[in-house]
Amino acid sequence: MVTSFPVWSSEGDQQEGREKPAKEPGDKRVGADDMTAAAPEVDDPIVQFSGRIPASLRRRMKIAAAAQDLDAQTALRQALEEYLTKRGF
């Protein structure tokens with residue numbers, strides 16, 4: 001099954017949709033589509049967050065994410081949520 005989704009140009013105009021494969025039954029991978037559902041608030045928008053970290057830390061994070069069959073964005077979000085929850089935020 002294939003799902004179509006909109007593509008936005010750099011000028012902000014919606015363009016012709018691309019297609020991406022839908023998850024197969026039993027597929028346990030977590031991606032960007034799953035993040036909204038897993039977020040504490042359904043209407044909480046996803047925003048860009050950036051910072052500089054050592055290359056070795058980035059490499060370790062990507063390896064750990066791949067080992068858990070996650071994308072790097074999801075692994076980073078989960079790590080940040082765990083860090084803040086552990087500290088009572």
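Quick note: the coordinates plus some simple rules give every number you see, no bench work behind them. Since we're looking at a predicted model, the values are computed, not measured. All Cβ positions, even for glycine, are placed from backbone atoms using ideal geometry, and neighbour counts span all protein chains on display.
Model label sites at Ala72 and Ile46, defined 7 Å from Cα along the beta-carbon direction, differ in position by 1.5 nm.
Distances between placed amide hydrogens fall under 5 Å for Asp71 paired with Val30, all partners being 5 or more residues away or on another chain.
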